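Enquirer: Handing you this structure, nothing more for now.
The values are calculated or read from the model by the stated rules, or taken from the named source; none is laboratory data. Source: prediction; values computed, not measured. Note that we place each Cβ from the backbone using ideal geometry, even for glycine, and neighbour counts take in every protein chain shown. Note: areas computed on protein heavy atoms with side chains; ligands, DNA, RNA excluded. Shrake-Rupley method; radii C 1.70, N 1.55, O 1.52, S 1.80 Å.
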Amino acid sequence: DGEQFFEYEFNRDVVKRIAKKLDAINFPYEIITPEVDYDVPLRTRAQRANKFCNEYGADNCIFISVHANAAGSGGWKTAKGFCCYTSKGETTSDEYAELFMKEAESVLKPFGKTIRKYGSKKYSWEENFTVLVLAKCPAILTENLFYDNKEEVKFLLSDEGREAIAQYHVNAILKIEESLRK
């Protein structure tokens, strides 16, 4: 239909929506990649996150990297669903990813969106992505549906879809904050 999806634009738009929702409740956060005219190297992103970890304590921070997924290069694919990544091994990041996955499922299921679980006993996927390994604090990477799936890209391009994705991120952040206060 002539519309195009640019992942960098999607990622930054969803982060702005998350920030707006957090601002509304006076919840502290930092956007570590505010640049819109160039891509910030992954190591630099982790270094920026670690600066805040050093300032506030790694246990008081969480690194959230927002993305949309793709199943391959060229043409439409059938892969679909939301998933969440953490680094390999059991860490606090896995606990947080579970909250993100459950919140994503709760918010996205009414839209007919699916959750891509790693297995029957574990929600999140594990990869040693640079930002997940180098961040000193718990770190997760959300893959918000597939932009090379015709049905899902329409949702990703829509205001309704982006608001839903931002909302589940906020819900998960607040649940993590609540769990830390206990």
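Enquirer: Name the residue, out of A58, A71, A24, that is of a type in the set (G, A, S) and touching a Phe, Trp or Tyr at 6+ places or on another chain (Cβ under 7 Å). Reasoning before the result, please.
Expert: Details: A58 fails: touching a Phe, Trp or Tyr at 6+ places or on another chain (Cβ under 7 Å); A24 fails: touching a Phe, Trp or Tyr at 6+ places or on another chain (Cβ under 7 Å).
Only one candidate passes the filter, namely A71.
Enquirer: Scan segment 16-32 residue by residue and report those that are open to solvent by 40 Å² or more (accessible area, probe 1.4 Å), part of a helix (DSSP H, G or I) and either closer than 19 Å to E143 by Cα or of a type outside the set (D, E) (or both).
Expert: K16, R17, K20, K21, A24
Enquirer: For the list (1) without any contact (Cβ under 8 Å) to a residue 40 or more places away in the chain; (2) open to solvent by 50 Å² or more (accessible area, probe 1.4 Å); (3) among the acidic types (D, E), I need the number of the one condition that E35 fails.
Expert: Failed condition: (2).
To keep it simple, each residue is scored yes or no on (1) open to solvent by 30 Å² or more (accessible area, probe 1.4 Å); (2) of a type in the set (D, E); (3) not in a loop (DSSP other than H, G, I, E, B).
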position	(1), (2), (3)
E3	yes, yes, no
F10	no, no, yes
D13	yes, yes, yes
N50	no, no, yes
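Enquirer: While we're on this one: Do any strands (runs of 3 or more DSSP E) entirely within segment 62-161 hold 1 or more residues that are surrounded by 14 or more Cβ atoms within 10 Å (Cβ to Cβ), on the phi < 0 side of the Ramachandran plot and of a type in the set (D, E), and if so, which?
Expert: On the way: elements: 63-69, 83-86, 139-146.
Fully inside segment 62-161 and qualifying: 139-146.
Enquirer: May I pose another question? Pairs only if they're at least six apart or on different chains, beta carbon under 7 angstrom, first in segment 40-58 and under 15 Å from F129 (Cβ atoms) and charged (D, E, K, R), second outside any helix (DSSP H, G or I) and open to solvent by less than 70 Å² (accessible area, probe 1.4 Å); list them, first residue then second.
Expert: From segment 40-58, the pairs are R45/I32; R45/T33.
Enquirer: If you don't mind, there's one more thing I want to ask. Please count how many residues of segment 107-124 are over 21 Å from A71 (Cα atoms), in contact with a helix residue (DSSP H, G or I) (Cβ under 9 Å, 6 or more places away or on another chain) and at pLDDT below 80.
Expert: Residues flagged as over 21 Å from A71 (Cα atoms), in contact with a helix residue (DSSP H, G or I) (Cβ under 9 Å, 6 or more places away or on another chain) and at pLDDT below 80 within segment 107-124 amount to 1.
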